[in-house]
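Just so it is clear, none of the values below were taken in a lab; they were calculated from the coordinates. From a predicted model like this one, the values you see are computed outputs, not experimental measurements. We place every Cβ from the backbone using ideal geometry, glycine too, and count neighbours over all the protein chains shown.
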Amino acid sequence: NSEDVRCKCICPPYKDHSGNIFNKNVSQKDCDCLHVVEPMPVPGPDVEAYCLRCECKYEERSSVTIKVSNGILLA
């Protein structure tokens with residue numbers, strides 16, 4: 001299920017740009033700043049330096065398991 005995977009990039013403040021968290025449904029191989037951070041908050045010359053500061057992680061979850069667990073907890 002495409003809703004059960006995402007890439008999450010946490011980017012700290014950089015120059016005059018505040019920190020931000022970016023999420024996007026992409027494949028594991030595309031889980032990096034260049035594929036996830038949109039729109040890019042810095043101009044072209046600063047993109048590499050900005051992306052080096054970002055921490056990107058690929059995450060998978062099972063929404064079915066989450067729904068079943070919530071049903072059991074609420075019962």
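Tabulated values for the structure
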read-out	value
Scaled radius of gyration (Cα, divided by 2.2 N^0.38 Å) that the chain gives	1.39
Only Lys, Arg (+1) and Asp, Glu (-1) charged, at Cβ; the chain dipole about Cα centre in debye	240
Cα long-axis angle, helix 63-74 against the chain (0 to 90 degrees, to the nearest 10)	50
Ordering of 21-28, 51-58, 67-74 by burial proxy (mean other Cβ atoms within 10 Å per residue, highest first)	51-58, 21-28, 67-74
SER18 versus ASP46: modelled label distance in nm, points set 7 Å from Cα along the beta carbon direction	1.6
Projected label distance in nm at ARG53 and GLN28, using a 7 Å step from Cα toward the beta-carbon	3.0
Nonlocal Lys pairs with alpha-carbon distance under 17 Å, the chain (8 or more apart, or different chains)	5
